[in-house]
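No lab work stands behind these numbers, since they all come straight from the coordinates. If you're wondering where the values come from, they're calculated on a predicted model, not measured in any experiment. Quick reminder, even Gly has a Cβ in these numbers, built from the backbone with ideal geometry, and neighbours come from all protein chains shown.
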Amino acid sequence: MWRNVLVPTDFSGAARKALQLAMRLVAPGCTVHLMHVITPVEADPYSPVRLRPEVQARRRFPEEITQELLEQLCREVAKEGITIAPAWRRSSDVVDAILDYADTIAAELIVMGTHGHRGLKRFLLGSVAEAIVRRASIPVLTLRGQVEVPEAIHHILVPTDFSEEARLALREAVRWAVHFRARVTLLHVLMPAWVPIPVAEVAAAYDLMPELQQRLVAALNLWLETELSPDIEAAARIEEGPVDLTILEQARRDAADLIFMATHGRSGVARWLLGSVTERVLRQAPVPVLTLRAAPWPLKTDV
C-alpha cells in the first residue's frame, strides 16, 4: 500500500509509539524513513545532547549523537523485509524541514506522535504535529503518547459533516479498509441547536427529529453505497451531542482502531471555526487519528 512512510521523531515516548505503529502498518518492500530535525540546543527540549547529559556526551557533536540514537531505534524495531532509513536534518524550522524531507523521499504517509498537552505545554510540544496536520499534502497519522498502539486494524470510524472534505476522508478510509480487511462506520453527529422558539413550538420541533434522522441515515447509506465496494462491512450511524466529545465517545464505545477526519488546512480565525473539531479530537483521541488536508496550503510569496 505504501512504498515510503515518514516517521519524524524527537526521541520521546510518543514518537517511539508512532514508529511502532508505522512498523505494524507497513508490508515488506516498504521503506520507513526515521527522521530527526536538529535545532539550536537552547530552543529544543528534545535535543539529542539533552538526552545524553554526561559531560563527555555534551562535548560531542549533536549530529553524532542523533545518528547514534536513530540507529539504536532502527535496531529496536527491525523487521524482515522492511527497510528503515535513518536521517537527520539541521534546521531552526522543524515543520518546514519535515515537509521538505517528505517531498524529497516522495512519502505517501506521515506517522508521528503528539504529546496531547493543552495550554503552554501544548504550544511548546504539540504545535509541530498540529502544523504538520494543517500543512501536509499527504495523509498524516498521529498517535498520542497516552494511547496504545493497535495490534491490528479491524474497525475504522469516519465522522462526516457531508462536506467534500469528509468524502475524501471516507475514500481514504475505504483504501485502508480494503487493505486491512477492516469494517467502516460512517458517523454523523447532530449538534444540539439552542434556538429561541416559543414553548408551544418545542413539541413540534421535536416531532421533526425522527424524520430528520431518517433523512440523514439515508444520506449516509448513499455515501456508503457510492464509495464502498460490496465486500467491505460498513454501517451508518447518527448520534446527537457535542461533535468532538461524541466522536471520542463513539470511538471508545465501538472499539474503533482508527479515526479518519478531514482538516480544512486553514489558519487563524478560519481554522478555529472550521478545523477546531478535528484538532480537539486529535488532542484527546483514544486511538490513532488519520487526517487529510483538502484545501491547498498557500504558497509563500516574497513581498
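By the count of other C-beta atoms within 10 Å, a proxy for reagent exposure, ASP103, ASP231, ASP96 are ordered fewest to most as ASP231, ASP103, ASP96.
Near the amide H of LEU190, within less than 5 Å, lie the amide hydrogens of GLU239, GLU240, GLY241, all on another chain or at least 5 residues away, with H placed in the peptide plane. Per-residue extension of 0.36 nm, minus the Cα-Cα distance of ASN221 and LYS79, leaves a gain of 47.1 nm for this segment. In a shell of Cβ-Cβ distance under 9 Å around LEU282, excluding LEU282 itself, what net charge do Lys and Arg (+1) and Asp and Glu (-1) give? Charge balance near LEU282 sits at +1. Exposure proxy ranking for THR114, THR31, THR263, THR185, based on other Cβ atoms within 10 angstrom of each Cβ and starting from the fewest, stands as THR31, THR185, THR263, THR114. Annotation: amide H of HIS155 within the under-5 Å range of ARG183, ASP257, LEU258, sequence separation 5 or more or interchain, hydrogens built in the peptide plane. Amide H contacts under 5 Å for ARG90: ILE38, restricted to partners 5 or more places along the chain or on a different chain, H placed in the peptide plane at 1.01 Å from N.
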